[in-house]
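Okay, structure first, notes after.
Values quoted throughout were computed directly from the atomic coordinates according to the rules given, and no laboratory measurement underlies them. No experiment lies behind these values; they were computed from the predicted model shown. Cβ atoms come from the backbone with ideal geometry, glycine included; neighbour counts cover every protein chain shown.
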2 protein chains.
Amino acid sequence: MTSSRTESAAGTAAGARSRFRAKYEAAAARSGSLLCVGLDPDPAQLPPGIDCLTFLRTVIEATADLVCCFKPNAAFFEADGAAGWEDLRATIAAAPADVPMLLDAKRGDVGHTSSFYARAVFETLDADAVTVSPYLGSDGIEPLRAYADRHSFVLCRTSNAGAREFQDLLVDGRPLYEHVAVRAQAWNTRGNVGLVVGATYPEEAARIRLLCPELLFLVPGVGAQQGDLQAAVRAARDAHGGGVLVNASRAVLYASRGADYAQAARAAARTLRDAIAAALRA
Amino acid sequence: MTSSRTESAAGTAAGARSRFRAKYEAAAARSGSLLCVGLDPDPAQLPPGIDCLTFLRTVIEATADLVCCFKPNAAFFEADGAAGWEDLRATIAAAPADVPMLLDAKRGDVGHTSSFYARAVFETLDADAVTVSPYLGSDGIEPLRAYADRHSFVLCRTSNAGAREFQDLLVDGRPLYEHVAVRAQAWNTRGNVGLVVGATYPEEAARIRLLCPELLFLVPGVGAQQGDLQAAVRAARDAHGGGVLVNASRAVLYASRGADYAQAARAAARTLRDAIAAALRA
């Protein structure tokens, strides 16, 4: 836990697991947890007198042995401008070397531009993984998945109410998000592509799992977004009973706004870890 | 040209034009130009010995009277981390108060998170407009278009090769991008929604214009992406012969890598301005 993130990066054989996947699997095995804690620092919800970076470092330290991943969301840092970006870099650097950092940024642009996003996320910020938007197609994704030791999670079926407006549109009798899933499977030639599959629609998650048996699924919408945890986890898991990262953000971060926020975050993370494990056994 | 960007922001009556649209129309009328210059600072292409911010300020000063808008792309700044974000802020602040700044960032997330992106773009960076991804649906767009005096350009038909993989999929006999166009039209209740419509597919642009007669179209893909300028402009223009922002980035920025880069950028911008105007008259 004391070496730098880079030193401990797992070597990745060609065609095998990404550094992200190796760290994720090791962290999940060690912690017995498929919980991913989202790091969404909202100034209005921080404990009084605690700055963003101190808050996040404290929560990371308090929960690192109970999670398989941390997921900072770029939006909350960008709202604070250059200072926020420095906080984002320091937050990613604050994770123990053996717990992966997935940057939720939903990036995507034409190829030449995406190569600069890839540099920002995987070099400047040194994140292990990132979320990406599929709308631009293959050449928008390629510069990100070219980083073979990192992971790119493609938005497939998101957890919000508006998701159905485009994602559910039927193309040749199948919803658009299934076409995205099929394409993401094809993009997985380096074993480093995953999907974002919201917890609020377990039937959809089950169908996507049939299409993509090997991909990692990031499952947001548990906790503050009130998905049914058990149904979501059981629908999204792979044939080995894993392959998912169940994300909760506010339910852990803001479990208490008092001086006990770290202990409260730890208790909330433990409860969620155990609930996910119980759902998998059920 | 000497007052601050905020002081000179055009007041926007409810239901009328956004501050962005007012500035765009005034700049277009004054310059006789529908050219938007994209600001994509690639360290490998900057003139030797010139730093990013000096380069961009110089190009802005050299071309401001020949354009209707500037469009910095976030990716190129983010690659340089917090320092890049400070350059981005300073670049947006460097535009003359009467020339709008459109941040190309292709943002979009669930509603609560998008509200932080909106704060980042429209408050912290004080951009006049932003590009957004449609994949998350209405609640992902709402926090951005809630800024009634700013403009949100929704990705519709992009200019890259991979665009057709998802954007062209047929839903009820019509390509997905037309469904996005129809929805964007519905989102335009405050007169502050536009579309990104690539220059490489003029037939598509013409169909989208029929669906959205009043929206502003940002048309990338001219110049380095080699769209047919005349066909693109004629297809995308509105009934009044305007309503478009024709973007060129590298063709202007990197017209010369020598000490004459500002004059070369100015000459390239003038040539493009005149070519766009000729296309509209043809």
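Descriptive notes on the structure:
- Full-extension gain in nm, residue A:142 to residue A:203, via 0.36 nm per residue minus C-alpha separation: 19.0 nm
- For segment A:269-282, putting each phi into the Karplus relation 6.51 cos²θ - 1.76 cosθ + 1.60 with θ = phi - 60° gives couplings of 5, 5, 4, 5, 3, 5, 5, 5, 4, 5, 4, 5, 7, 5 Hz, in residue order, rounded to whole numbers and with x for Gly and Pro.
- Of A:106/B:106; A:106/B:71; A:71/A:106, those spanning more than 18 Å from alpha-carbon to alpha-carbon: A:106/B:71
- Residue mean of other protein chain beta carbons inside 10 Å, A:156-165: 6
- Karplus 3J(HN,Hα) series, Hz, for segment A:81-86 with 6.51 cos²θ - 1.76 cosθ + 1.60 (x for Gly, Pro): x, 4, 5, x, 5, 5
- Using a 7 Å projection from Cα along Cα-to-Cβ, the label point at residue B:61 is separated from the same position in the remaining copies by 4.8 nm, smallest value first.
- Shape class of chain A from the Cα gyration tensor (axes a ≥ b ≥ c, square roots of the eigenvalues): rounded, since a/c falls below 1.5.
- Reachable aspartates and glutamates, given that their alpha-carbon falls under 16 Å from the alpha-carbon of residue A:23 and they are not under 8 places away in the same chain: A:7, A:65, A:98, A:126, A:128, A:149
- Here residue A:278 yields copy-to-copy label distances, from shortest upward, of 7.4 nm, the label point defined as 7 Å from Cα along Cα to C-beta.
- Cβ-to-Cβ counts within 10 Å put B:91, A:58, B:189 in ascending order as B:189, A:58, B:91, the fewest first.
- Residue order, fewest to most surrounding Cβ atoms within 10 angstrom, among A:276, A:60: A:60, A:276
- Residues of segment B:240-270 falling in the label zone of residue B:61, defined by backbone nitrogen less than 13 Å from a point 7 Å along Cα to beta-carbon, are B:262-263.
- Trypsin sites (Lys or Arg not before Pro) restricted to segment B:177-281 and DSSP loop, no more than 15 other C-beta within 10 Å: B:257
- Copies compared at residue A:250 - label distances in nm, ascending, label defined 7 Å from Cα in the Cβ direction: 4.3
- Computed over chain B, the per-residue total of -39500 (n - 2.57) for DSSP H runs of n ≥ 4 gives a 222 nm mean residue ellipticity of -12000 deg cm²/dmol, rounded to 500.
- Other residues with beta-carbon under 15 Å from the beta-carbon of residue A:219 carry, at +1 per Lys or Arg and -1 per Asp or Glu, a net charge of +2.
- Between residue A:44 and residue A:90, the FRET efficiency from the beta-carbon distance, with R0 = 22 Å, is close to 0.55.
- Other residues within the sphere of radius under 15 Å centred on the Cβ of residue A:43, judged by their own Cβ, net out at -4 (K and R +1, D and E -1).
- Prolate/oblate/rounded call for the protein assembly as shown, Cα gyration tensor, a/c under 1.5 rounded: prolate
- Fewest-first sequence of B:246, A:182, B:99 by Cβ atoms within 10 Å of each Cβ: A:182, B:99, B:246
- From phi via Karplus (6.51, -1.76, 1.60), per-residue ³J(HN,Hα) for segment B:25-30 in Hz, x at Gly/Pro: 5, 5, 5, 5, 5, 5
- Candidates B:100, B:72, B:175, ranked by Gaussian network fluctuation over chain B, Cα under 10 Å, top entry: B:175
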